[in-house]
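A short worksheet on the structure shown next.
The values are calculated or read from the model by the stated rules, or taken from the named source; none is laboratory data. The shown structure was predicted, so the numbers you read here are calculated from the model rather than taken from an experiment. Here Cβ is always computed from backbone atoms with ideal geometry, including for glycine, and neighbour counts include all displayed protein chains. SASA here: full protein model, heavy atoms, side chains in, ligands and nucleic acids out. Shrake-Rupley method; radii C 1.70, N 1.55, O 1.52, S 1.80 Å.
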Amino acid sequence: LLWLSGHGDADKRRTGGCAVISLEDAQRFVLARCRPLGTQQVPPTSALGRVSAQPVIAAEDVPPFSNSAMDGYAVRSADVEQAPTELTVITTIMAGDGRSVVIGPGEAARIMTGAPVPEGADAVCMVELTKAGSAPDRVMIEEAVGNGNFVRPPGSDVAAGVEVIGVGTELTAAHLGVIARLGIPEVTVHRQAVVGVLSTGDELREGSTPLPRGAIRDGNRPTLLAMVEQNGARAVDLGIVKDEPSALRSVLERASSECDAVVTSGGVSVGDLDVVRMVLAEMCPSMQWMQIAIRPAKPFAFGLLDERVPVIGLPGNPVSAMVSFELFARPALRLMHGHHDVERPRLAAVSDVDLDRSPDGKVYFLRVAASVGLDGQLHVRPSGGQDSHQLQAMAAANALAIVPDGHGVTAGDLVDVLLLDADRLTTLPA
Ligand code: AMP
Ligand code: MG
């Protein structure tokens, strides 16, 4: 296998016969086996967060007619060149007024924001620069205005014929408005992935009942179900699967008929005598068990159930499961959803403290709190304990710092980060 570009025999011994591969090779392996899902037509009200599968072309101008950008008076700019000057007010035009009004020389129309600019007028004087004239139907224009002043021409937002949304665009609130303003009833988007999430392990329990010795509560499933939803997919809870072959078999059978992808956690370590591994290998012969040169989240498994449904096997440790989801499942889901950019951008941040480590061939993903400093730069520091069971630090983090193999990063130096949550980016106090 080409992607198994490992680091030699010593590594193979250390990892139980499986070569260590680079993060990039593992990501390529996963993405090469995922496909964009089919498409469907949805109204703008159901399209938030979906990815366009066809371009949206404007069939009409927005705005459809020349209208006023201000409350004031529609005028002929030539008439007010010598302002202050008085004009005769022939009518008032409100937004939505369908009359066709014409103003002649020496005339003006009172006009509201959004109202059609009358024929003959080429400018609007804002009301603040006018005052009452010498008679009730007269207005004093106090300042000259140029042709086009406060007039919004037809098509000045969107011109008919223009592509307003390209293929592969994640639809935002503003895009939905753009679509609705064009009178487009439906937009073609990629289908949402239905993603089954299951936890594996005999030690796992659910709920608040007291734990027998040796048991722990399942923390991964709620987290992974949420991460699936955060990435725009529909999560299906497949529950906890005991280390019992028939239980896992029937869950995987259900998943292969109901789901577009399956995310599992636990039981993927090399040397695991886990039944998960055994059953997956039997039901999903394409399953590959990987050892990736990263920390956390070294063990990982991936295969296609029925040669169609990606099975993304994350490690069981809670932080590893989340980092592994971020590095493999998120890009896979984005690809399935039709995104062209599947990876987060890497940003440079100043490390406020030493990030110590020693060379071991791996890239570290540290859980860090990122904030914007008074220097305008992004700053990071570890958000807590960095062991792979210490989920608290992940909860306190809004970014992962990528520390390459070597001797770490010195305080004040730059480190690459993946910003996980820009909404939780704070500005450092003075
Ligand atoms: P495994 O990947 O199955 O070898 O599990 C690695 C570690 O993660 C063990 O300490 C497990 O008990 C723990 N673990 C596995 N699954 C979960 C889960 N769903 N929630 C919390 N911890 C888990
Ligand atoms: Mg296990």
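Restricting the search to the stretch 110-125, which residues are surrounded by fewer than 17 Cβ atoms within 10 Å (Cβ to Cβ) and outside any loop (DSSP other than H, G, I, E, B)?
Once the filter is applied, which keeps residues that are surrounded by fewer than 17 Cβ atoms within 10 Å (Cβ to Cβ) and outside any loop (DSSP other than H, G, I, E, B), the stretch 110-125 yields only E119.
Would you mention how many residues in the stretch 287-313 are within 10 Å of ligand 1 (Cβ to nearest atom) and either open to solvent by 10 Å² or more (accessible area, probe 1.4 Å) or in contact with a His (Cβ under 9 Å, 6 or more places away or on another chain) (or both)?
1
Scanning the stretch 255-268 for residues that are under 23 Å from G232 (Cα atoms), open to solvent by less than 10 Å² (accessible area, probe 1.4 Å) and in contact (Cβ under 8 Å) with a residue 60 or more places away in the chain, which turns out nearest to ligand 2 (Cβ to nearest atom)? Full working, then the answer.
Initial filter on the stretch 255-268 (under 23 Å from G232 (Cα atoms)): 255-265.
From what's left, open to solvent by less than 10 Å² (accessible area, probe 1.4 Å): 255, 259, 261-265.
Adding the requirement that they be in contact (Cβ under 8 Å) with a residue 60 or more places away in the chain leaves 259, 261-265.
Numbers: C259: 21, A261: 21, V262: 16, V263: 15, T264: 10, S265: 9 Å.
The extreme case among them is S265.
Go through the stretch 269-286 and give me each residue that's open to solvent by less than 10 Å² (accessible area, probe 1.4 Å) and either modelled with pLDDT of 95 or more or within 16 Å of ligand 2 (Cβ to nearest atom) (or both). Lay out the reasoning, then the answer.
Keep residues of the stretch 269-286 that are open to solvent by less than 10 Å² (accessible area, probe 1.4 Å), which gives 276, 279-280, 284.
Selection gives V276, V279, L280.
Here's a check for you: in the stretch 126-158, which residue that is more than 28 Å from P64 (Cα to Cα) and among the acidic types (D, E) is surrounded by the fewest Cβ atoms within 10 Å (Cβ to Cβ)?
Step by step, filter the stretch 126-158, then rank; the result is D137.
Just a yes or no: is a residue in the stretch 177-200 within 16 Å of ligand 2 (Cβ to nearest atom) and over 30 Å from G38 (Cα atoms)?
So the first thing to find is which residues in the stretch 177-200 are within 16 Å of ligand 2 (Cβ to nearest atom), and the list is 197-200.
If we keep only those that are over 30 Å from G38 (Cα atoms) as well, we get 200.
Yes: one or more hits.
Keeping to the stretch 198-230, report how many residues are over 18 Å from V241 (Cα atoms) and aliphatic (A, V, I, L, M).
Of the residues in the stretch 198-230, 3 are over 18 Å from V241 (Cα atoms) and aliphatic (A, V, I, L, M).
Evaluate the following for P318: is it away from ligand 1 (no atom under 16 Å from the Cβ), out of contact with any strand residue (DSSP E or B) (no Cβ under 6 Å at 6 or more places or on another chain) and open to solvent by 20 Å² or more (accessible area, probe 1.4 Å)?
Considered against the rule, which asks whether it is away from ligand 1 (no atom under 16 Å from the Cβ), out of contact with any strand residue (DSSP E or B) (no Cβ under 6 Å at 6 or more places or on another chain) and open to solvent by 20 Å² or more (accessible area, probe 1.4 Å), P318 comes out as no.
Hey, among the residues in the stretch 99-109 that are on the phi < 0 side of the Ramachandran plot and assigned to a loop (DSSP other than H, G, I, E, B), which one's surrounded by the most Cβ atoms within 10 Å (Cβ to Cβ)? Show your work before the answer.
So the first thing to find is which residues in the stretch 99-109 are on the phi < 0 side of the Ramachandran plot, and the list is 99-105, 107-109.
Subsequent filtering for residues that are assigned to a loop (DSSP other than H, G, I, E, B) retains 99-101, 103-105.
Numbers: R99: 9, S100: 8, V101: 19, I103: 23, G104: 11, P105: 9.
In this case the residue turns out to be I103.
Test of understanding: among V42, V80, V124, V117, which residue is within 30 Å of Q192 (Cβ to Cβ) and among the hydrophobic types (A, V, I, L, M, F, W, C)?
V42 is the lone residue from the list that is within 30 Å of Q192 (Cβ to Cβ) and among the hydrophobic types (A, V, I, L, M, F, W, C).
Scan the stretch 159-169 for residues that are surrounded by fewer than 14 Cβ atoms within 10 Å (Cβ to Cβ), among the small types (G, A, S) and under 30 Å from L333 (Cα atoms) and jot them down.
G166
Residue pairs, Cβ under 8 Å, 6 or more apart or interchain, first in the stretch 324-343 and more than 14 Å from L418 (Cα to Cα) and open to solvent by 10 Å² or more (accessible area, probe 1.4 Å), second polar (S, T, N, Q) and in a loop (DSSP other than H, G, I, E, B). List them.
Filtered contacts from the stretch 324-343: R334/N231; H337/Q192; H337/N231.
Going through the stretch 364-423 one residue at a time, which ones are among the acidic types (D, E), touching a residue at least 40 places away in the same chain (Cβ under 8 Å), more than 16 Å from ligand 1 (Cβ to nearest atom) and in a loop (DSSP other than H, G, I, E, B)?
Once the filter is applied, which keeps residues that are among the acidic types (D, E), touching a residue at least 40 places away in the same chain (Cβ under 8 Å), more than 16 Å from ligand 1 (Cβ to nearest atom) and in a loop (DSSP other than H, G, I, E, B), the stretch 364-423 yields D405, D413.
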